[in-house]
1. So, in region 82-96, how many residues would count as being in contact with a Ser or Thr (Cβ under 6 Å, 6 or more places away or on another chain) and in contact (Cβ under 8 Å) with a residue 60 or more places away in the chain?
2. If we keep just the residues of region 1-59 that are touching a Pro at 6+ places or on another chain (Cβ under 6 Å) and outside any loop (DSSP other than H, G, I, E, B), which is farthest from Ser430 (Cα to Cα)?
3. Can you tell me which residues in region 416-447 are touching a residue at least 40 places away in the same chain (Cβ under 8 Å), outside any loop (DSSP other than H, G, I, E, B) and within 16 Å of the ligand (Cβ to nearest atom)?
4. Which members of region 275-316 meet the condition of being among the polar types (S, T, N, Q) and surrounded by 15 or more Cβ atoms within 10 Å (Cβ to Cβ)?
5. Can you tell me which residue is nearest to Arg135 (Cα to Cα) among those in region 40-66 that are crowded, with 24+ Cβ neighbours inside 10 Å and not hydrophobic (A, V, I, L, M, F, W, C)?
6. Given the criterion among the charged types (D, E, K, R) and modelled with pLDDT under 95, identify the matching residue among Asp232, Asp198, Asp241.
7. Within region 178-188, can one find any residue that is surrounded by fewer than 21 Cβ atoms within 10 Å (Cβ to Cβ) and not hydrophobic (A, V, I, L, M, F, W, C)?
8. Exactly one condition in (1) surrounded by fewer than 15 Cβ atoms within 10 Å (Cβ to Cβ); (2) touching a Cys at 6+ places or on another chain (Cβ under 9 Å) is false for Arg203; which is it?
Amino acid sequence: MTGSLAAGVRAGAERDARLRRLALATLDANWEHDHTVPSRTLYPHQWSWDSAFIAIGLAHVRPDRAWRELRTLFAAQWVDGRVPHIVFNPALRVGAYFPGPEFWDSARADGAPAAATSGIVQPPVHAPAAWLVHRRAPSEASVAALRRLYPRLVAQQRYLTGRRDVGGGGLAAIVHPWESGLDNSPAWDAPLAAVPADEAVMRAYRRHDTAHAAATQRPTDLDYARYVALVDAYRAGRYRDEGLLGRHPFLVECPLVNAALGVSEYALARIATVVGADPGPHRDRAARITEALVTRLWDPLAGTFRPRDLRTDRLVAARTVLGLMPLALPDLPEPQVRAVLAEACSPRFGLAARMDRPLPTYDRTAPDFEPLRYWRGPSWVNTGWLLWQALRTHRRADLAAGLRESLLDLVDTAGCHEYFHPDTGAGLGSPAFSWTAALVLDALADG
Ligand code: 2M8
């Protein structure tokens, strides 16, 4: 090895060790008796898809805690199978987060658990997370944990493909942008515009987020007025899903939620073989979801996936990172794989074997691209990690390596931030964010 090569290898190893220490310290600091908070300041309760990502990272360093994280979340599963997007910590003061447990009022809904929760869901990334946790640290305890979780994961899928198949085409609909996890993504602008709301209603509430993060980096008051109106509407029907099409003002089929639904069936097939269940039906369902995604959300002219607004039965025009997510499906047909890769590698998203800027969450070339505002441009580690996994599934080692390096360098330079400026890489939002730390640990383990 030449001197400069050896120095490069040493610098790489030092960076990785530094990142590992930072990530572990971040996760340890955010651990809260039986779960991990996404952030001590901005998000002091337990969030559904955060816990899945967190478990994936914890598997490398604290496998017991990884299972505990998932167990706590699924203990709050509703009778109909929905896994709530927030499980509230009863020890926190009223006003620790908006909207809090009093706003959601889950106790009055049929089939809600004893713990106070929200009434909506988030992308179902939990079955793949459980599978990864087991694969990272297989043991008798991990098999027992899979056995306990399996029926709950199946119930979660049944809820989404059953009651939430509002469009009748084999995909799950979301009833709130929060269900996508990408709250204020431009993907939701058009469907949200149809939700009647007045930002003046926000005078009646106290937003908690803007006390901890710059308002320029968060959704607007008008966004929040609509978020509140949608919760009001869903809660008024006690979070029941019957007849949603006739009465609920926001119903959209999201490419990320449905890609996760399909990937979950593949993960459940694997889990089934470990716990002695039949993997066949899961594989069949995975194939059906993949087919439905292509039939309902593929836009052949744009060469990407787009959300379908069920109220207008039209595809949403904005090109966001959500459109790349179906690449995670291993049996996605070749023409779609090729086109999504081309979209990802276009100047809109800039994926490359050597990336000069991090992956944004929205088309960089769009006139309304906002580099600071949350899901309207900034880079997020979870969407990067999901695409990284998808690239590995489709054996694009070159692109996967480029994306991984970009993610690790971003966090090494700025810290475990919630999101990052997509040009400068500066840290934005919460400075000690759990899924950033967790997914860095996972990426580090798989060079
Ligand atoms: C963000 O969403 C919450 C509402 O659920 C919020 O803005 O208060 C999103 O980034 C979401 O994806 C994430 O799960 C949550 C907690 O990290 O924060």
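1. The total comes to 2.
2. Among them, the one singled out is Trp49.
3. Tyr419, Phe420, Leu428, Ser434, Trp435, Thr436, Ala437, Ala438, Leu439, Val440
4. Residues satisfying the conditions are Thr290, Thr304.
5. Checked region 40-66; the qualifying residue nearest to Arg135 (Cα to Cα) is Gly57.
6. After ruling out the rest, the residue left standing is Asp198.
7. yes
8. Going through the list (1) surrounded by fewer than 15 Cβ atoms within 10 Å (Cβ to Cβ); (2) touching a Cys at 6+ places or on another chain (Cβ under 9 Å), Arg203 breaks only (2).
The values are calculated or read from the model by the stated rules, or taken from the named source; none is laboratory data. Every value quoted in this text rests on a predicted model; they were computed, and no experiment measured them. Counting neighbours? That spans all protein chains shown, and the Cβs are built from the backbone with ideal geometry, glycine included.
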